[in-house]
Amino acid sequence: MRPRFGVTALAILMAVIFLFPTIVVVVTSFGSGRIVSFPPQGWSLRWYAEVFTDTMWVQAFGNSFAVGILAAALAMAVGSALAIGATRTKIFPASLVTGIAMSPVVVPGVVLSVGVYMVAVRTDLTGSVIGLALAHAAVGVPFVFINVLARLATLDKQIEEAARICGADEMTTLRTVTLPIVAPSVVIGGVLAFISSWDEFMVASFMNSPTFRTIPVVVWGEVISGADPSTSAASTLITVISILFLALAAGLPRLRNRKVAP
Amino acid sequence: MFAPLRPVAAHTDRRPNEDEVTTLDSATVPDQAVRSKAAPRPAWLSGIGAFQSAAVLYMAVAFLLPVLLMTIRAVSDPQNFVDAFSSGIFRRSIWTTVRMSLTVTVVCLVVSYPYAYVLARARRTIVIILATCLLVSFWTSTLVRTYSWQLLLNNTGLINTAMVALGIVDEPIRMMGTDFAVYLGMAHVLAPYTVLTIYAQMRAIPRELEEAAQIMGSRPATVFWRVIVPLSRPGALAGAVLVFVMALGFYITPQILGSAQNVYIGTAIVQQVQAFLSTDVGAAQAVVLLLIVLITLAVGGKYLGIGRILGLDKAGQR
C-alpha cells in the first residue's frame, strides 16, 4: 500500500527539518559579516581562510586527525580480533566477548569521561594524543565488532574448512581466507570508529589541556562564548570530512566486488 | 593465492571423511596444529586465541578499568553519595533527566512512524530524498547540529525573525533556554535511531498483509493501527529503549539549548568535577547515572532481548 499524499508530505516536511540545521551551518560559513546570520548579508570565503590559517583551528584539526586515525587503527585491530574470536574460538564464552565489545555503547559518555579522567590524571595521560586515542579506540570498537560480526555471519564456514582440509593451519586460514573476506567490513567499522572519535566531545573535553584541544572541544568553547562564522566554517569542514569518509567506505566493497567479478 | 593447496599432496594418503570435516572445530584443531610443530601452548596464547586475549585485555584496561576504578573510588567512601545527594542541583537533575528523556523518546516514536512508513513503502525518488536527508543529518555531529539550533532559535534567529515578519507573533518568543528547545534538539539527534529500527521492522512486514486488510474493507488508518503498528512494535520498543538510554546520558544539547535552572545529570556531574573539583562526588553521581542506565537496559533486555536493543540481532541474522 503506497502511503497517502498527506503522510508523504508530512514525511518530506520532516526530511527538510532533519536536513535544515546542517544547511544552516554550511550556508552561514560562507557569510561575509562578522556576525553569524542566516541568511547571510553577503558572501565570502574569508572564514575558511581564517580556519586554514589560525593556529587554534589548524592545531585542533591536526590533533583530531591524529587521535582519530590512531583510535580507528586500534579499534579495527581490537574489534575484528574480538569478532573473529567470538565466532571462531571457545576460549572465552561468546556472550562474554560480545558483552565486552559492546560495553562502550551502554556506558554514557559522561560516565566514561569521569573514569578516564581519574585514570589519566594519575598516569599523566591527560592532554596527549595517545591518552585520548586509547579511550576513543575503545569507544570505536563496537562499530568494528558489529560490522565484522555481520560479515562473519554470512560467511560460509565451509570456505574456511576447505582451507583447513587443504592443509592450511589456523593462522594461514585467517590470513589468506578469513581476513580478506571480512576486510571491507573492518574498513567500514574503522571509518565509523574514526568518525565517532572525530565527533567525540565529552572524553576529549576532560582530557584537554591548554596545548591539546580537539576540534569538538574548540567548537564547544566558541559556541558557549558566542560563535563567529569561523565556527560555522570549521563545523562545515567537520561534517564534510565525516560524510566524505563514509561515502568512500560505502563505495569500497562494491569496487572490490567489481574487480573480483569476471 | 592458492598456496594453501600445496600441502594437499602430503595428505593424499588420508582422505578427509565426513567425521573429520564436522570435527574441524576451531577449539580442537588449533591444538593439534600447534602440537605437531612445537611444544603445546595454551589455547589463549596461540593463534586466534592470542589475538582475542590481547583484544579482551585492551578493552579491560582501556575501558572497563576506568569505569571500575571510578566506581570503586566512589563506593569506598559512602560520604561521596551523601554529598552527591545533598546537592539540590543533582537531586532535581535526576527527575529532570528522566522526565525529559521520556518525553524525547515519545516524540521520537511519534515522529518516526510516518517517516519510517514512507521510507519503507513510497516510490524510489521519495525514498532517496528521505534517506539522504536522514543520513546527512545523522552524520552531522550532535555538537554542530546543536550549534545550528542555537542560531535558529535565538531571539534574533531565523524562526523568530520569520514569525515576526509574517505577523504570527508581535515580538520574538524566547525559545533558547526552554524545555522546548531541548526536546527539539534532542529529538533531532535521536529520532534517526528510532526511524531506522522501525524501518527495518516494517520492511519485514509482507505487503500482502496490508492488501488483505484493505480487501476486507479496512480504511488506510485502520490498516496502519491494526496491521502495521502491532507488527512493528518490537522494533519500535527496542528503538525506544535505546533512545531513552542515550537521552539519559546527554550533555551537549541540554547544556547549550536548555535552561540554567533545570540541568541534566550530565551537567551536574561535569559541574561537580570541573567547577567544584570534587571528583569523588562527581564519580558517585556518575555511578548513579550508570545504575539508572543499566537498570533500564536490564528491564528492557528482559522483555525485548538486549541484542535487539543494541542492534546485534541484525548482525547475527544477516
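Only a single criterion out of (1) at pLDDT below 90; (2) open to solvent by less than 60 Å² (accessible area, probe 1.4 Å); (3) more than 30 Å from B:Ala84 (Cα to Cα) is not satisfied by B:Ser259, namely (3). B:Val164 meets each of the listed conditions (1) part of a helix (DSSP H, G or I); (2) touching a helix residue (DSSP H, G or I) at 6+ places or on another chain (Cβ under 6 Å) apart from (2). Where helices (runs of 4 or more DSSP H) fall entirely within the stretch B:210-316, those with at least 3 residues that are touching a residue at least 60 places away in the same chain (Cβ under 8 Å) are at B:229-248, B:252-257, B:265-270, B:279-304.
Based on what the data block shows, is A:Ile91 outside any helix (DSSP H, G or I) and at pLDDT below 95? Criteria met by A:Ile91.
Under the condition of being open to solvent by 60 Å² or more (accessible area, probe 1.4 Å) and over 17 Å from A:Val24 (Cα atoms), the residues counted in the stretch A:36-55 number 4.
Kindly establish whether B:Thr267 is more than 26 Å from B:Gly177 (Cα to Cα), touching a helix residue (DSSP H, G or I) at 6+ places or on another chain (Cβ under 8 Å) and among the β-branched types (Val, Ile, Thr). Steps first, please.
Details: more than 26 Å from B:Gly177 (Cα to Cα): no; touching a helix residue (DSSP H, G or I) at 6+ places or on another chain (Cβ under 8 Å): yes; among the β-branched types (Val, Ile, Thr): yes.
No, not satisfied.
Scanning the stretch A:13-35 for residues that are more than 7 Å from every other protein chain (Cβ to nearest Cβ), surrounded by 13 or more Cβ atoms within 10 Å (Cβ to Cβ) and in a helix (DSSP H, G or I) returns A:Ile17, A:Phe20, A:Ile23, A:Val26, A:Val27, A:Ser29.
A quick yes/no check of all residues on (1) of a type in the set (A, V, I, L, M); (2) part of a helix (DSSP H, G or I):
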{"position": "B:Val144", "(1), (2)": "yes, yes"}
{"position": "B:Trp149", "(1), (2)": "no, yes"}
{"position": "B:Asp170", "(1), (2)": "no, no"}
{"position": "B:Arg174", "(1), (2)": "no, no"}
{"position": "B:Gly177", "(1), (2)": "no, no"}
{"position": "B:Val182", "(1), (2)": "yes, yes"}
{"position": "B:Met186", "(1), (2)": "yes, yes"}
{"position": "B:Pro192", "(1), (2)": "no, yes"}
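Taking the conditions (1) surrounded by fewer than 22 Cβ atoms within 10 Å (Cβ to Cβ); (2) within 8 Å of chain B (Cβ to nearest Cβ) in turn, A:Ala137 satisfies each one other than (1).
For A:Leu96, indicate whether it is open to solvent by 20 Å² or more (accessible area, probe 1.4 Å), more than 9 Å from chain B (Cβ to nearest Cβ) and out of contact with any Leu (no Cβ under 7 Å at 6 or more places or on another chain).
Values: open to solvent by 20 Å² or more (accessible area, probe 1.4 Å): yes; more than 9 Å from chain B (Cβ to nearest Cβ): no; out of contact with any Leu (no Cβ under 7 Å at 6 or more places or on another chain): yes.
Answer is no for this residue.
Across the stretch A:140-173, the qualifying residues are those that are more than 8 Å from chain B (Cβ to nearest Cβ) and among the charged types (D, E, K, R), and the one among them that is surrounded by the most Cβ atoms within 10 Å (Cβ to Cβ) is A:Arg151.
Being on the phi > 0 side of the Ramachandran plot, assigned by TED's automatic domain parsing to the domain that holds B:Val111, open to solvent by 10 Å² or more (accessible area, probe 1.4 Å) and of a type outside the set (D, E, K, R) narrows it down to one residue among B:Leu277, B:Leu312; which is it? Walk me through it before giving the result.
Values: B:Leu312 fails: on the phi > 0 side of the Ramachandran plot.
Answer to the selection: B:Leu277.
Out of curiosity, is A:Leu82 within 13 Å of chain B (Cβ to nearest Cβ) and surrounded by fewer than 20 Cβ atoms within 10 Å (Cβ to Cβ)? Please lay out each step first, then the result.
On the way: within 13 Å of chain B (Cβ to nearest Cβ): yes; surrounded by fewer than 20 Cβ atoms within 10 Å (Cβ to Cβ): no.
It is false that A:Leu82 is within 13 Å of chain B (Cβ to nearest Cβ) and surrounded by fewer than 20 Cβ atoms within 10 Å (Cβ to Cβ).
Let me spell it out: the conditions are (1) open to solvent by 40 Å² or more (accessible area, probe 1.4 Å); (2) more than 30 Å from B:Arg145 (Cβ to Cβ), and A:Val187 meets all of them except one. Which number is the exception? Going through the list (1) open to solvent by 40 Å² or more (accessible area, probe 1.4 Å); (2) more than 30 Å from B:Arg145 (Cβ to Cβ), A:Val187 breaks only (2).
Report yes if some residue within the stretch B:124-140 is open to solvent by 40 Å² or more (accessible area, probe 1.4 Å), charged (D, E, K, R) and at pLDDT below 95; otherwise report no. Yes - at least one qualifying residue is present in the stretch B:124-140. For the stretch B:65-122, give me each residue that is within 14 Å of chain A (Cβ to nearest Cβ), open to solvent by less than 10 Å² (accessible area, probe 1.4 Å), closer than 19 Å to B:Ile265 by Cβ and under 18 Å from the mean Cα position of the chain (by Cα). Answer for the stretch B:65-122, where residues must be within 14 Å of chain A (Cβ to nearest Cβ), open to solvent by less than 10 Å² (accessible area, probe 1.4 Å), closer than 19 Å to B:Ile265 by Cβ and under 18 Å from the mean Cα position of the chain (by Cα): B:Thr97, B:Ser101.
Answer yes or no as to whether A:Ser80 is over 25 Å from B:Ile269 (Cα atoms), of a type in the set (S, T, N, Q) and under 17 Å from the mean Cα position of the chain (by Cα). In short, yes. Residues of the stretch B:226-240 being surrounded by fewer than 22 Cβ atoms within 10 Å (Cβ to Cβ) and within 26 Å of B:Leu184 (Cα to Cα), which ones? Within the stretch B:226-240, B:Val229, B:Arg233, B:Pro234, B:Ala236, B:Leu237 qualify. Say whether the condition of being touching an Asp or Glu at 6+ places or on another chain (Cβ under 8 Å), open to solvent by 20 Å² or more (accessible area, probe 1.4 Å), at the interface with another protein chain (Cβ under 10 Å from one of its Cβ atoms) and over 27 Å from B:Leu151 (Cα atoms) is met by at least one residue in the stretch B:293-305. No, every residue in the stretch B:293-305 fails to be touching an Asp or Glu at 6+ places or on another chain (Cβ under 8 Å), open to solvent by 20 Å² or more (accessible area, probe 1.4 Å), at the interface with another protein chain (Cβ under 10 Å from one of its Cβ atoms) and over 27 Å from B:Leu151 (Cα atoms).
The values are calculated or read from the model by the stated rules, or taken from the named source; none is laboratory data. Quantities reported herein were computed from a predicted structural model and do not represent experimental measurements. Reconstructed Cβ throughout: ideal geometry from the backbone, glycine too, with neighbour counts over all protein chains shown. Note: areas computed on protein heavy atoms with side chains; ligands, DNA, RNA excluded. Shrake-Rupley method; radii C 1.70, N 1.55, O 1.52, S 1.80 Å.
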